[in-house]
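Below is one structure, written out as structure tokens, with a few remarks after it.
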Amino acid sequence: MIGRYQTKEMTEIWSEENKFRAWLEVELAVCRVWMEKGVIPADAYEEISSKASFDIARIDEIEARVHHDVIAFVSAVAETVGENGRYIHLGLTSSDVIDTASSLSLKRSLGIVREKTEELMEAILLRADEFKYTSCVGRTHGIHGEPTTFGLKLLNWFYQLQRDLERLDLAGEQISCGKISGAVGTYAHCEPEVEKRVCELLGLKPALVSTQILQRDRHSCVMNTIALLGGALDRFATEIRHLQRTEVMEVLEPFGATQKGSSAMPHKRNPILCERISGMSRLLRGYALTAMENMTLWHERDISHSSAERVIWPDAFHLITYMLSKMSHIVKNMVVNSSKMRENLDMTRGLVYSQRVLLDLVERFGLLREEAYAIVQENAMKCWNSSRTFSELLREDERISSRIPESDLLSLFEPDHYFRWVDEIFLRFHKEQGNI
């Protein structure tokens, strides 16, 4: 991941040093189990556990000669121990170490993503409460539909992230798995009890059956979960990008006091953070596709997945952590222009209330729906093509005025009718969050 989008949390997990630290964690757990089973002498294990370390430069030096990173790692670690270093990697194949250690890194990364997601959800819920009754127009196909509230928009975001949390938990469960089953998964040189105990020490579950590797549907689940979460952020960002358009101007992402929007046009205030999130989500979807391609390997294992995973895993977790942090910043600090929302709601001069008129003609006055629809639509089309209000046109239509008294007709043009159940909808989420 380029430095511009790296995050501190993921750098600590996905650095080269931490990769080798995770490998060593697995190797030492295996040594401990062999000691518990009497295969490695206790004093030898004590020396291994106290002395085993690595130097990345030395690993690189050996790898340049042997062209195998795990062999280079094991050799470099054994050198730091001395004679008892011969017990390191006993009965293992490379992927026993790599895949089990990768599960640790992926599991830990998902934990951080979960924390960041919860932080964003908290920010969204606070602002949803703030704008619970802030009326705005609901749009379908990009066209004004009916009144809604900005709080409901935000609550819908919160609900989607609840599902993302569930998927993160599932992905964490799927990837919390290790394997110490040898070259083709038969435990030929390392009995199942060793695997079970090693995984117990590492906080993982042993794979019930494996090949030389853990099967990549687990890792695909992780990447697809991250991509879906990125898709949610893309959805939120795209909504803000539309609402920030000059013609709309209902919501603006934060803009710093010294920030500049354009090298040429000093007036520009562009939604660059949201655009960045949208762009990054495209990368995540690509990584998810790569992870699915990695599921199909030759027989018990090839390494066509390996080179891709070295890129997509750290990149995906850097990106999603960065995106979550930026979206939290945006939600906490976005400018919400409630007066512009009301202005835009009234822009079509009452057309957003057309369904209420339609239903009143059908329910109260017994018109056939087709007849009522034709009357209302005819006047709506006139309104689109004139500067007059929808209610004025309806009052002048004898088919309407002969049935609906003027005061009753005007009462159909109030937004409060659309917000009768807002409290109940919010209550569903506050009950779940324990906020009441």
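The values are calculated or read from the model by the stated rules, or taken from the named source; none is laboratory data. Because the structure is predicted, anything quoted here is derived from the model rather than measured. Positions of Cβ are generated from backbone atoms using ideal geometry, with glycine treated the same way; all protein chains shown enter the neighbour counts. All accessible areas refer to the heavy atoms of the entire protein, side chains included, with ligands and DNA or RNA removed. Shrake-Rupley method; radii C 1.70, N 1.55, O 1.52, S 1.80 Å.
Under a 5 Å amide H cut-off, with hydrogens placed 1.01 Å from N, Arg139 pairs with Gly145 among residues at least 5 apart or on other chains. Shown for segment 3-73 is the translational diffusion coefficient from the Stokes-Einstein equation, using the Kirkwood radius over Cα pairs, a temperature of 25 °C and a viscosity of 0.890 mPa s: 176 µm²/s.
Given a 1.4 angstrom probe, I'd like the percentage of the accessible area of the chain that is carbon and sulfur, rounded to a whole number. Could the numbers behind the result be given before it?
Numbers: 10930 of 21210 Å².
Reported share for carbon and sulfur atoms: 52 percent.
Comparing the chain with the 2.2 N^0.38 Å rule of thumb, its C-alpha radius of gyration ratio is 1.37 (two decimals).
If you average the sequence gap of Cα pairs under 8 Å that are 6 or more apart and divide by the length of the chain, what percent do you get for the contact order? Write down the numbers at each step before the final one.
Details: 550 pairs, mean separation 72.1, N = 436.
Relative contact order comes out at 17 percent.
With N the number of residues in segment 290-399, Rg(Cα) / (2.2 N^0.38 Å) evaluates to 2.14.
Think of the chain as having a plus end and a minus end, set by charges on the Cβ of Lys, Arg, Asp and Glu; of Gly182, Ala72, His144, His144 sits farthest toward the positive end of this dipole.
Give me the dipole magnitude in Debye, nearest 20, for the chain about the Cα centre, with unit charges on the beta carbon: positive for Lys and Arg, negative for Asp and Glu. Please list the in-between numbers first.
On the way: 53 positive and 64 negative charges, 219 e Å.
My answer is approximately 1060 debye.
Think of it as helices only: each DSSP H run of n ≥ 4 in the chain is worth -39500 (n - 2.57), and spread over all residues that comes to -21000 deg cm²/dmol at 222 nm. Around the amide H of Thr93, modelled in the peptide plane, lie the amide H atoms of Gly182, all under 5 Å away and 5 or more residues distant in sequence or on another chain. Evaluated on segment 206-342, the Kirkwood hydrodynamic radius is 17.2 Å, with distances taken between all distinct Cα atoms.
Note on the chain: GNM, Cα springs under 10 Å; of Arg356, Arg127, Arg399, the largest mean-square fluctuation is that of Arg399. Toward the positive end of the charge dipole of the chain, with +1 on the Cβ of Lys and Arg and -1 on the Cβ of Asp and Glu, the farthest Cα among Val352, Ala57, Leu297 is that of Val352.
Think of the chain as having a plus end and a minus end, set by charges on the Cβ of Lys, Arg, Asp and Glu; of Gly366, Thr211, Ala227, Gly366 sits farthest toward the positive end of this dipole. Each residue was assigned an accessible area with a 1.4 Å probe, and for Cys199 the value is about 0 Å². Close amide H contacts of Thr149 (hydrogens built in the peptide plane, cut-off under 5 Å, sequence separation of 5 or more or a different chain): Cys136.
What's the Kirkwood radius of segment 1-40 in Å, using all Cα pairs? Intermediate values should be presented prior to the final figure.
Values: mean 1/r = 0.0836 Å⁻¹.
Radius from the Kirkwood sum: 12.0 Å.
Using a Gaussian network model of the chain in which every pair of alpha carbons under 10 angstrom is joined by a spring, one finds that among Gly261, Gly231, Gly138 the greatest mean-square fluctuation is at Gly261.
Taken as Cα centroids, segment 233-276 and segment 66-113 sit 46 Å apart, rounded to the nearest whole angstrom.
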